[in-house]
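Each remark here refers to the structure printed beneath this line.
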Amino acid sequence: CQELNIAAYVTKPFKPSELLDTIVRVVSRQNTAMRGPASSVLRRLRPEINRTPASGGSSSTCPPLKVLVAEDHAVNQTLILALLKRHNHQVTMTSTGKEAVEAYRQHTFDVILMDVQMPEMDGFEATRAIRELERQTGRHTPIVAMTAHAMKGDREKCLAMGMDGYLPKPLTPTDLYNTLREIALGRSGEKFGEVEGEECYGENQPTLVPGTTAAPPLPGEMNREVALKRVGGDLTLLRTLAKMFRTEGPKLVRQMSQALEASDAARLRMAAHTFKSAAGNLGAEGMMQQALRLELLARAGDLDAAREPLTQLEQAMLRLDRELQELSAE
(Lines give C-alpha, C1' and ligand atoms only; values in the text may rest on other atoms or scores of the structure.)
Protein backbone atom coordinates (compact mmCIF):
# COMPACT_ATOMS: atom_id res chain seq x y z
CA CYS A 1 0.00 0.00 0.00
CA GLN A 2 2.82 2.39 0.82
CA GLU A 3 4.45 1.75 -2.56
CA LEU A 4 1.17 2.71 -4.24
CA ASN A 5 0.95 5.86 -2.09
CA ILE A 6 -2.29 4.67 -0.48
CA ALA A 7 -3.08 6.79 2.58
CA ALA A 8 -4.44 3.98 4.76
CA TYR A 9 -6.09 0.59 4.64
CA VAL A 10 -8.46 -1.62 6.62
CA THR A 11 -8.35 -5.40 6.76
CA LYS A 12 -11.55 -7.30 5.95
CA PRO A 13 -13.66 -8.24 7.75
CA PHE A 14 -13.69 -4.95 9.62
CA LYS A 15 -15.97 -3.29 12.16
CA PRO A 16 -17.80 -0.09 11.21
CA SER A 17 -15.89 1.74 13.95
CA GLU A 18 -12.58 0.65 12.41
CA LEU A 19 -13.59 2.04 9.02
CA LEU A 20 -14.74 5.31 10.56
CA ASP A 21 -11.55 5.61 12.60
CA THR A 22 -9.44 5.13 9.49
CA ILE A 23 -11.35 7.81 7.58
CA VAL A 24 -11.04 10.26 10.49
CA ARG A 25 -7.32 9.51 10.82
CA VAL A 26 -6.66 10.21 7.14
CA VAL A 27 -8.63 13.45 7.19
CA SER A 28 -6.92 14.50 10.42
CA ARG A 29 -3.51 13.74 8.93
CA GLN A 30 -4.26 15.97 5.94
CA ASN A 31 -5.47 18.81 8.15
CA THR A 32 -2.46 18.59 10.43
CA ALA A 33 -0.07 18.49 7.50
CA MET A 34 -1.36 21.90 6.50
CA ARG A 35 -0.83 23.21 10.03
CA GLY A 36 2.75 21.97 10.30
CA PRO A 37 4.50 19.44 12.55
CA ALA A 38 2.88 18.56 15.85
CA SER A 39 6.06 19.05 17.84
CA SER A 40 9.59 20.17 17.15
CA VAL A 41 10.97 17.83 19.78
CA LEU A 42 10.84 14.74 17.63
CA ARG A 43 12.62 15.93 14.57
CA ARG A 44 15.81 15.37 16.59
CA LEU A 45 15.04 11.66 17.10
CA ARG A 46 16.19 8.92 14.78
CA PRO A 47 13.50 7.86 12.25
CA GLU A 48 14.01 4.19 13.04
CA ILE A 49 12.76 4.72 16.58
CA ASN A 50 9.32 5.33 15.08
CA ARG A 51 9.13 1.66 14.27
CA THR A 52 9.77 0.57 17.85
CA PRO A 53 6.52 -0.23 19.65
CA ALA A 54 6.02 1.04 23.16
CA SER A 55 5.78 -1.82 25.60
CA GLY A 56 4.77 -2.22 29.19
CA GLY A 57 3.95 1.44 29.59
CA SER A 58 7.63 2.29 29.31
CA SER A 59 8.71 5.67 28.03
CA SER A 60 12.40 4.75 27.75
CA THR A 61 12.49 6.06 24.16
CA CYS A 62 10.51 9.19 25.01
CA PRO A 63 12.48 12.31 25.95
CA PRO A 64 11.20 14.44 28.83
CA LEU A 65 8.41 16.68 27.58
CA LYS A 66 6.94 19.93 28.81
CA VAL A 67 3.37 18.93 29.62
CA LEU A 68 0.48 21.25 30.41
CA VAL A 69 -2.29 19.46 32.30
CA ALA A 70 -5.80 20.87 32.68
CA GLU A 71 -7.67 18.81 35.29
CA ASP A 72 -10.03 20.06 37.98
CA HIS A 73 -10.23 17.11 40.41
CA ALA A 74 -7.58 16.65 43.10
CA VAL A 75 -7.48 12.84 42.93
CA ASN A 76 -6.95 12.87 39.17
CA GLN A 77 -4.37 15.66 39.48
CA THR A 78 -2.36 13.64 41.98
CA LEU A 79 -2.39 10.52 39.81
CA ILE A 80 -1.47 12.30 36.58
CA LEU A 81 1.30 14.31 38.24
CA ALA A 82 2.83 11.18 39.79
CA LEU A 83 2.75 9.24 36.51
CA LEU A 84 4.33 12.09 34.56
CA LYS A 85 7.00 12.85 37.16
CA ARG A 86 7.92 9.16 37.21
CA HIS A 87 9.42 9.63 33.73
CA ASN A 88 10.86 13.10 34.31
CA HIS A 89 8.32 15.08 32.32
CA GLN A 90 8.03 18.75 33.27
CA VAL A 91 4.47 19.38 34.40
CA THR A 92 2.41 22.53 34.70
CA MET A 93 -0.89 21.75 36.44
CA THR A 94 -4.01 23.87 35.99
CA SER A 95 -7.53 23.36 37.36
CA THR A 96 -9.68 25.13 34.77
CA GLY A 97 -9.70 25.69 31.04
CA LYS A 98 -9.19 29.40 31.67
CA GLU A 99 -6.02 28.70 33.65
CA ALA A 100 -4.80 26.38 30.89
CA VAL A 101 -5.22 29.06 28.22
CA GLU A 102 -3.37 31.58 30.37
CA ALA A 103 -0.52 29.11 30.98
CA TYR A 104 -0.32 28.53 27.23
CA ARG A 105 -0.02 32.29 26.65
CA GLN A 106 2.97 32.50 28.96
CA HIS A 107 4.89 29.29 28.22
CA THR A 108 5.69 26.83 25.45
CA PHE A 109 4.61 23.20 25.83
CA ASP A 110 5.21 20.02 23.87
CA VAL A 111 1.75 18.62 24.65
CA ILE A 112 -1.43 19.57 26.48
CA LEU A 113 -3.51 17.01 28.38
CA MET A 114 -6.97 18.57 28.51
CA ASP A 115 -9.86 17.41 30.66
CA VAL A 116 -13.12 17.91 28.81
CA GLN A 117 -15.43 18.93 31.67
CA MET A 118 -14.08 21.70 33.89
CA PRO A 119 -15.50 24.77 35.63
CA GLU A 120 -15.23 28.31 34.21
CA MET A 121 -14.14 27.10 30.77
CA ASP A 122 -14.43 23.49 29.60
CA GLY A 123 -11.84 21.62 27.57
CA PHE A 124 -13.50 22.32 24.24
CA GLU A 125 -13.67 26.06 24.87
CA ALA A 126 -10.06 26.08 26.04
CA THR A 127 -8.99 24.20 22.91
CA ARG A 128 -10.75 26.71 20.67
CA ALA A 129 -9.03 29.57 22.50
CA ILE A 130 -5.61 27.93 22.18
CA ARG A 131 -6.11 27.18 18.49
CA GLU A 132 -7.04 30.82 17.95
CA LEU A 133 -3.81 31.90 19.63
CA GLU A 134 -1.90 29.49 17.41
CA ARG A 135 -3.12 31.33 14.34
CA GLN A 136 -1.11 34.27 15.57
CA THR A 137 2.03 32.32 16.48
CA GLY A 138 2.01 29.68 13.73
CA ARG A 139 2.80 27.05 16.34
CA HIS A 140 0.77 23.87 16.77
CA THR A 141 0.75 22.08 20.12
CA PRO A 142 -0.85 18.63 20.31
CA ILE A 143 -3.88 18.61 22.60
CA VAL A 144 -5.03 15.27 23.97
CA ALA A 145 -8.47 15.19 25.55
CA MET A 146 -8.92 13.31 28.81
CA THR A 147 -12.52 12.29 29.08
CA ALA A 148 -14.51 10.06 31.38
CA HIS A 149 -17.24 9.88 28.73
CA ALA A 150 -15.71 7.03 26.71
CA MET A 151 -18.91 6.81 24.68
CA LYS A 152 -19.50 6.25 21.00
CA GLY A 153 -18.60 9.30 18.97
CA ASP A 154 -16.42 10.98 21.59
CA ARG A 155 -13.21 10.49 19.62
CA GLU A 156 -14.74 12.07 16.54
CA LYS A 157 -16.09 14.99 18.57
CA CYS A 158 -12.70 15.64 20.16
CA LEU A 159 -11.03 15.69 16.75
CA ALA A 160 -13.73 17.92 15.31
CA MET A 161 -13.18 20.40 18.15
CA GLY A 162 -9.50 20.75 17.24
CA MET A 163 -7.96 18.15 19.52
CA ASP A 164 -5.37 15.69 18.28
CA GLY A 165 -6.67 12.65 20.17
CA TYR A 166 -8.05 11.51 23.48
CA LEU A 167 -7.42 9.30 26.46
CA PRO A 168 -10.38 7.77 28.29
CA LYS A 169 -10.47 8.16 32.06
CA PRO A 170 -9.62 6.49 34.31
CA LEU A 171 -6.18 6.70 32.76
CA THR A 172 -3.79 3.79 32.60
CA PRO A 173 -0.01 4.30 32.68
CA THR A 174 0.40 2.32 29.45
CA ASP A 175 -2.07 4.48 27.51
CA LEU A 176 -0.60 7.69 28.90
CA TYR A 177 3.04 6.79 28.23
CA ASN A 178 2.34 5.39 24.77
CA THR A 179 0.46 8.55 23.84
CA LEU A 180 3.30 10.78 25.00
CA ARG A 181 5.75 8.61 23.13
CA GLU A 182 3.75 8.89 19.90
CA ILE A 183 3.71 12.65 20.26
CA ALA A 184 7.42 12.75 21.05
CA LEU A 185 8.10 10.72 17.93
CA GLY A 186 6.40 13.38 15.84
CA ARG A 187 3.62 11.23 14.44
CA SER A 188 1.91 14.24 12.98
CA GLY A 189 -1.70 13.70 12.05
CA GLU A 190 -2.20 10.46 13.96
CA LYS A 191 -4.95 10.09 16.53
CA PHE A 192 -3.05 9.87 19.78
CA GLY A 193 -4.31 7.63 22.55
CA GLU A 194 -6.65 5.71 20.27
CA VAL A 195 -8.81 3.33 22.31
CA GLU A 196 -12.06 1.63 21.41
CA GLY A 197 -14.72 3.30 23.53
CA GLU A 198 -16.45 0.05 24.41
CA GLU A 199 -13.27 -1.33 25.95
CA CYS A 200 -13.51 1.13 28.81
CA TYR A 201 -16.48 -0.68 30.29
CA GLY A 202 -16.43 -3.97 28.43
CA GLU A 203 -19.74 -5.68 27.83
CA ASN A 204 -21.22 -4.05 30.94
CA GLN A 205 -21.29 -0.52 29.57
CA PRO A 206 -24.67 0.83 30.72
CA THR A 207 -27.07 2.48 28.33
CA LEU A 208 -30.07 4.61 29.13
CA VAL A 209 -33.28 2.88 28.14
CA PRO A 210 -36.42 5.05 28.33
CA GLY A 211 -38.66 3.96 31.19
CA THR A 212 -35.99 1.78 32.79
CA THR A 213 -34.90 2.48 36.36
CA ALA A 214 -33.17 -0.80 37.20
CA ALA A 215 -29.51 -0.32 38.08
CA PRO A 216 -26.58 -2.58 37.25
CA PRO A 217 -25.29 -4.64 40.20
CA LEU A 218 -22.95 -2.83 42.56
CA PRO A 219 -20.12 -4.79 44.16
CA GLY A 220 -19.38 -1.77 46.34
CA GLU A 221 -15.74 -2.76 46.69
CA MET A 222 -12.36 -1.97 45.23
CA ASN A 223 -10.75 -4.24 42.67
CA ARG A 224 -7.21 -3.97 44.00
CA GLU A 225 -5.63 -5.60 40.96
CA VAL A 226 -7.22 -3.02 38.67
CA ALA A 227 -6.35 -0.20 41.07
CA LEU A 228 -2.69 -1.20 41.14
CA LYS A 229 -2.61 -1.20 37.34
CA ARG A 230 -3.99 2.34 37.35
CA VAL A 231 -1.04 3.52 39.45
CA GLY A 232 1.59 1.39 37.72
CA GLY A 233 2.01 -0.91 40.72
CA ASP A 234 2.85 1.95 43.10
CA LEU A 235 1.21 0.92 46.38
CA THR A 236 2.28 4.13 48.12
CA LEU A 237 0.57 6.20 45.43
CA LEU A 238 -2.53 4.02 45.68
CA ARG A 239 -2.71 4.65 49.43
CA THR A 240 -2.38 8.38 48.80
CA LEU A 241 -5.27 8.30 46.31
CA ALA A 242 -7.33 6.18 48.72
CA LYS A 243 -6.83 8.72 51.50
CA MET A 244 -7.86 11.56 49.21
CA PHE A 245 -10.92 9.73 47.91
CA ARG A 246 -12.16 9.06 51.45
CA THR A 247 -12.62 12.83 51.63
CA GLU A 248 -13.50 13.68 48.04
CA GLY A 249 -15.80 10.71 47.34
CA PRO A 250 -18.40 11.45 50.05
CA LYS A 251 -18.22 15.13 49.15
CA LEU A 252 -19.18 14.34 45.55
CA VAL A 253 -21.97 12.03 46.69
CA ARG A 254 -23.36 14.85 48.84
CA GLN A 255 -23.20 17.18 45.84
CA MET A 256 -25.20 14.66 43.82
CA SER A 257 -27.78 14.36 46.58
CA GLN A 258 -28.11 18.13 46.94
CA ALA A 259 -28.39 18.53 43.18
CA LEU A 260 -31.12 15.92 43.03
CA GLU A 261 -33.09 17.60 45.81
CA ALA A 262 -32.74 20.94 44.02
CA SER A 263 -33.74 19.34 40.68
CA ASP A 264 -30.44 20.61 39.28
CA ALA A 265 -29.70 18.16 36.46
CA ALA A 266 -26.58 19.99 35.29
CA ARG A 267 -24.99 19.90 38.72
CA LEU A 268 -25.91 16.24 39.18
CA ARG A 269 -24.37 15.39 35.83
CA MET A 270 -21.12 17.20 36.62
CA ALA A 271 -20.74 15.62 40.08
CA ALA A 272 -21.49 12.14 38.74
CA HIS A 273 -19.03 12.65 35.90
CA THR A 274 -16.25 13.68 38.30
CA PHE A 275 -17.03 10.84 40.72
CA LYS A 276 -16.90 8.36 37.86
CA SER A 277 -13.28 8.94 36.91
CA ALA A 278 -12.07 9.30 40.50
CA ALA A 279 -13.68 6.01 41.52
CA GLY A 280 -12.23 4.35 38.44
CA ASN A 281 -8.73 5.24 39.59
CA LEU A 282 -9.32 3.00 42.62
CA GLY A 283 -10.76 0.10 40.67
CA ALA A 284 -14.27 0.69 42.04
CA GLU A 285 -15.73 -0.44 38.74
CA GLY A 286 -19.28 -1.05 39.92
CA MET A 287 -19.49 2.43 41.41
CA MET A 288 -17.96 3.84 38.26
CA GLN A 289 -20.73 2.30 36.17
CA GLN A 290 -23.36 3.53 38.62
CA ALA A 291 -22.00 7.06 38.42
CA LEU A 292 -22.15 6.84 34.64
CA ARG A 293 -25.79 5.82 34.90
CA LEU A 294 -26.51 8.84 37.08
CA GLU A 295 -24.75 11.05 34.55
CA LEU A 296 -26.85 9.65 31.72
CA LEU A 297 -30.08 10.06 33.68
CA ALA A 298 -29.17 13.65 34.56
CA ARG A 299 -28.33 14.37 30.94
CA ALA A 300 -31.75 13.02 29.93
CA GLY A 301 -33.44 15.06 32.68
CA ASP A 302 -34.92 11.92 34.26
CA LEU A 303 -34.24 12.90 37.87
CA ASP A 304 -36.93 10.66 39.37
CA ALA A 305 -35.15 7.61 37.99
CA ALA A 306 -31.88 8.84 39.53
CA ARG A 307 -33.03 8.46 43.12
CA GLU A 308 -32.63 4.70 43.37
CA PRO A 309 -29.13 4.48 41.87
CA LEU A 310 -28.00 7.41 44.01
CA THR A 311 -29.19 5.60 47.15
CA GLN A 312 -27.26 2.51 46.08
CA LEU A 313 -24.19 4.62 45.38
CA GLU A 314 -24.38 6.15 48.87
CA GLN A 315 -24.47 2.68 50.41
CA ALA A 316 -21.60 1.50 48.23
CA MET A 317 -19.55 4.53 49.26
CA LEU A 318 -19.80 3.43 52.90
CA ARG A 319 -18.56 -0.05 52.02
CA LEU A 320 -15.74 1.30 49.88
CA ASP A 321 -14.70 3.70 52.64
CA ARG A 322 -14.11 0.77 54.99
CA GLU A 323 -11.92 -0.94 52.40
CA LEU A 324 -9.94 2.23 51.76
CA GLN A 325 -9.42 2.66 55.48
CA GLU A 326 -8.04 -0.88 55.70
CA LEU A 327 -5.76 -0.22 52.74
CA SER A 328 -4.38 2.93 54.34
CA ALA A 329 -3.70 1.05 57.58
CA GLU A 330 -1.75 -1.78 55.94
Problem set entry | Count of the range 277-302 residues which are in contact with a helix residue (DSSP H, G or I) (Cβ under 6 Å, 6 or more places away or on another chain) and not in a helix (DSSP H, G or I) | 4
For this session: Taking only the range 60-106 into account, find how many residues are among the acidic types (Asp, Glu), in contact (Cβ under 8 Å) with a residue 12 or more places away in the chain and surrounded by fewer than 22 Cβ atoms within 10 Å (Cβ to Cβ).
Result: 2
For this session: Go through the range 160-209 and give me each residue that's within 13 Å of the chain's Cα centre (by Cα), part of a helix (DSSP H, G or I) and at pLDDT below 85.
Result: Gly197, Cys200
For this session: Kindly establish whether His87 is under 22 Å from Leu237 (Cα atoms), outside the structural domain of Ser277 (by TED's automatic domain parsing) and at pLDDT below 95.
Result: yes
Seminar exercise, completed: Selection from the range 107-159 of residues part of a loop (DSSP other than H, G, I, E, B) and under 11 Å from the mean Cα position of the chain (by Cα) yields Val116, Gln117, Ala148, His149, Ala150
Seminar exercise, completed: Those residues of the range 228-263 which are within 24 Å of Thr311 (Cβ to Cβ), outside any helix (DSSP H, G or I) and free of Cβ contacts under 8 Å to residues at least 40 places away in the same chain amount to Ala262
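The values are calculated or read from the model by the stated rules, or taken from the named source; none is laboratory data. Remember, it's a predicted structure, so these values are computed and weren't measured experimentally. Here Cβ is always computed from backbone atoms with ideal geometry, including for glycine, and neighbour counts include all displayed protein chains.
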